Structure formats: C-alpha cells, structure tokens
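What follows is a single structure, written as structure tokens, with notes after it.
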Amino acid sequence: MTTDQTHVIVGASLAGAKAAETLRKEGFDGRVVLIGAERERPYERPPLSKDYLRGEVGREKVYVHDEAFYAEDEIELRLGRTATGLDTTSRELELDDGERLRYDRLLLTMGADPRRLSIPGADLDGVLYLRSVEDSDALRARLDRGGAVVVIGAGWIGAEVAASARQRGLEVTLVEPASVPLERVLGAELGAVYRDIHADQGVRMLLGTAVEAFEGHQAVERVRTSDGRKLDCDFVVVGVGVEPRTGLAARAGIAVDNGIVVDELLQASAPKVFAAGDVANAQHPFYGQRVRVEHWANALNQGPAAARNMIGRSVAYERLPYFFSDQYDIGMEYSGYARSRDRVVFRGDPATREFIAFWLAGNRVTAGMNVNVWDVTDPLQRLIRRRVAVDDRRLSDPDVPLEQLVQVEMGGVA
Ligand SMILES: Cc1cc2nc3c(=O)[nH]c(=O)nc-3n(C[C@H](O)[C@H](O)[C@H](O)COP(=O)(O)OP(=O)(O)OC[C@H]3O[C@@H](n4cnc5c(N)ncnc54)[C@H](O)[C@@H]3O)c2cc1C
C-alpha cells in the first residue's frame, strides 16, 4: 500500500501506541502521527499500583515499546503536546503549540481521568491521585517515608494501592461507602472475599462509610468521615473511579455518552474518526449494547482493531471484557460481564483463595473470575460466548475440566 495519507492518533498510551504499531504491521506506509500530552513515551499503567509503585521494577519495565521503535517504524511521536481543537469538516486537528494537522483518519485514544473529590480540604497537599507514572513516583516517595495512609475508595485502584502500601509496611485505612470492597463489579459475595483478604493483611477497613472532609494546615493531617471519625494520617490516596476524556470530541460535535460513542467498527459519529481504549463506549456485537471497558486488555486489543478499520479492514471488535488484578500474593482474572442480579457458583472454596467464581443468568455463564487458578481464560470465555447451558453441580466440580463443559452442544446441559 503506497499512500500519501496521514493517520493521526491522539493519546500516546497503550491503545494509541498499539494502534500505531498495527498501522505499520498491516502495511500502511503513509504518515503516522502519535500525539501524547504526557512527556513520557507510551507506557502501561498496571505496574503503577503494583510492582513499580513498590519499587520492585524500574521505569524500563513499563514502556509499551523500546525507545528506538518509533523512529524505526517511522511513527512521528509528539510528546508533551495536547490536541486542543478538532474540526471534523476540514479534518484538522489543532495542537496546544498552534500547529494544525490535517488527517485522513483520526483515532482518539485519550483514556480517562481520575474522578476528583470536591469536599473541604480536597486541595491540601498530600491528597494524591494515581493515573500517571509521575503520580506513581510521587506516591512511591510517600511509601518510602512510611507512616499512615488513608485510601479513599475500595475499587481496583484503591484496593491495589492499599495492598502495596501494606506490603511496604504502612498503616493503611481503607474508607468505602459500599458494604464490601469492589462491590460494584464483583457484588457482595466476592467483595466479601476481598474484604477478608485485606483484613488478614492488617488493613483497617471502614465500610459503609463516606469521607466528608480532609483537614490540616498546609497538608492533610486527618480525614473526617460520615460517621464522625477523625482518622490521623500522613497522606491520602483517592481512588473513586475515572471519567473518560471526552472534551475534545464533544467540543467537535462528536456523539458522547459515557465515552465517545462508537459502532462495532469503532467508528465515531463523525466521518473518518475512530476511538478505542478507556475513552470509547463501543457497540458490542455479543451484548447487543454499548460497553465501555476501562482495562488494560481492552486498550491492548481495541487500539489495533481500530487501526485495522482505519485502513478499511471492516472487522467488528467483539472480544469479551477481560481484566486482571494482583493484590498481595493473590492474582485474579475476570472475563465477561455480570449483572447484579446474576447468581454466583464457586468451583473451589473461596476461603482457600484458590477458586473460580462463575456468575450465571439462569443456567448460562455470564462472567467468571479465576483467583490463583491459571490457564482457564480460554475455556471460560468459550462458555460465556457460546452461551452453553451448564449444570451447577458440574460447574462447581473441579474434576470436570471446563473444556468438557464447553464441548457440550449449545442447548444441551453440560
Ligand atoms: C494505576 C493503574 C493500575 C491499573 N491496573 C490495571 C490492572 O491491573 N488490570 C487492568 O486490566 N487494567 C488496569 N488499569 C487500567 C489500564 O491501565 C487502562 O485501561 C489503560 O491504561 C487504558 O489505556 P488507554 O490507552 O485507553 O488510555 P490511557 O492509558 O488513559 O492513555 C490516554 C493518553 O492520552 C493522553 N491524552 C489525553 N487527552 C489528550 C489530548 N487532548 N492530546 C494529547 N494526548 C492526550 C493522556 O495524557 C494519556 O497519556 C490500571 C490503570 C491504572 C491508572
């Protein structure tokens, strides 16, 4: 393919970098411009709350590609540059230094921003958020000093930061308005498993508790909670979810609804514009509805899928949602998408922390989570995707391989 076309990607992180790589791999030999607001070349965020945060691995372990890759693949990497304006009629993008770039195809991979708390004391020093490698460095410096940290929010980021801080020997209090950690995604039963894991590690958990204010002179010294407690601390980490970065798209008149709205081919409402990763709310062929996934594997795979569609491959993105988390010595993977009304069946005893949990609607598996059990993602995803009808007894029996359940014809009971 020899072309003088220019494909521009806004957001130089996992989705954007993998998309740029894919354009080249698929033979696109026009101009590829990758624009990133951060000064760091594209890197992966999962280590920022885990081994990188704890100082167990260095910066070189987090990058998506080595430094030479971009020049070798003739990808114009513009770091420290923010796209500030977009005209989808003239197909022009404006950068913060005034440069205007004309594109033939545009991919938006702007990711998400941590949701900020707006309570008294929110601007005090020592109230930290975690999204970027700089945030992780700042947090690591605090962990190095030790002391007491209050973590606000027991979602994935909060739970992982709490685990890393405990592993570094800090006194950790986790404040969460829900009745168990991770309740929104995992529900009460599995959330209770994570509550016990953290309790066993010495995390003090204040569940069913909201935060009302941060108090201190220059820096935060204590957290005031809804039940009137005052928690003394050296610093605070807030992990209360993220908001997709949709401002640029919205200002350009592109449809936005909990992310940039894209179809199965990851095309946005404006011609020649695509979106992928945390920022994209994509129509999912399997679910028949839009799904926005804020996880590593989605950025890793959706970026390349968008790139293929930018060069006319027309392939629907239909991977099932998948994510992983590591806390202490407990690793987990989750596939699928459970709704709160789905029931849970266990294979193995959750108390042993080596088990699989399945969520079911009727007798069909909608999601599964393997905890310290490995190499089951493929059969688990096939169970979900093929909507195999399963028998609870066999599903919970560790002696029945998941592959065997999958092989039973759709409609029959495995
Ligand atoms: C601390 C942490 C730990 C995580 N751990 C896990 C995990 O264990 N498992 C898991 O599955 N997922 C995890 N995730 C989630 C995963 O990292 C994200 O899903 C992934 O980073 C999304 O990639 P992305 O490329 O879509 O967006 P992002 O990584 O958010 O990148 C978007 C980039 O676009 C840039 N940008 C935004 N606007 C503009 C603009 N106008 N102009 C130029 N550039 C712009 C941003 O600066 C940013 O660099 C974690 C995330 C964090 C923060």
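The values are calculated or read from the model by the stated rules, or taken from the named source; none is laboratory data. The shown structure was predicted, so the numbers you read here are calculated from the model rather than taken from an experiment. For neighbour counting, all protein chains shown are included, and Cβ atoms are generated from backbone atoms with ideal geometry for every residue, glycine included. Areas reflect the complete protein model, heavy atoms only, side chains present, ligands, DNA and RNA absent. Shrake-Rupley method; radii C 1.70, N 1.55, O 1.52, S 1.80 Å.
The criterion of being more than 7 Å from the ligand (Cβ to nearest atom), over 27 Å from Leu128 (Cα atoms) and modelled with pLDDT of 95 or more holds for Arg31. Could you please find all residues in segment 264-318 being of a type in the set (Lys, Arg) and touching a Phe, Trp or Tyr at 6+ places or on another chain (Cβ under 9 Å)? Scanning segment 264-318 gives a single hit, Lys272.
The single condition from (1) in contact (Cβ under 8 Å) with a residue 40 or more places away in the chain; (2) surrounded by fewer than 18 Cβ atoms within 10 Å (Cβ to Cβ); (3) of a type outside the set (Val, Ile, Thr) that Ser49 fails is (2).
Annotation note: Cβ proximity below 9 Å between a residue of segment 175-187 that is among the polar types (S, T, N, Q) and a residue that is open to solvent by 10 Å² or more (accessible area, probe 1.4 Å) and not in a helix (DSSP H, G or I) (sequence gap 6+ or interchain) occurs for Ser179/Leu207; Ser179/Gly208.
Condition check: buried (at least 23 other Cβ atoms within 10 Å of the Cβ) and either aromatic (Phe, Trp, Tyr) or closer than 27 Å to Arg131 by Cβ (or both). Does Ala297 satisfy that? Criteria not met by Ala297. Where residues in segment 300-318 are within 11 Å of the ligand (Cβ to nearest atom) and open to solvent by less than 10 Å² (accessible area, probe 1.4 Å), which of them is nearest to Gln267 (Cα to Cα)? Per the stated criteria, the residue is Ala306. I'd like to check something: does segment 146-157 contain any residue that is of a type in the set (A, V, I, L, M), over 27 Å from Arg341 (Cα atoms), part of a helix (DSSP H, G or I) and open to solvent by 20 Å² or more (accessible area, probe 1.4 Å)? No, segment 146-157 has no match at all. The requirement of being crowded, with 20+ Cβ neighbours inside 10 Å and at pLDDT 95 or above is not satisfied by Val291.
For segment 325-349, a residue qualifies if it is among the hydroxyl-bearing types (Ser, Thr, Tyr) and open to solvent by 70 Å² or more (accessible area, probe 1.4 Å), and the qualifying residues are Tyr337, Ser340. Per this entry, Arg204 is not counted among residues that are in the same structural domain as Gly277 (by TED's automatic domain parsing) and charged (D, E, K, R). Among residues of segment 130-144 that are open to solvent by 50 Å² or more (accessible area, probe 1.4 Å), none has a Cβ under 6 angstrom from a residue that is in a helix (DSSP H, G or I) at a sequence gap of 6+ or on a separate chain. Tell me which of these Glu40 doesn't satisfy, since it passes every other one: (1) assigned to a loop (DSSP other than H, G, I, E, B); (2) away from the ligand (no atom under 12 Å from the Cβ); (3) open to solvent by 20 Å² or more (accessible area, probe 1.4 Å). Status for Glu40: all satisfied but (2).
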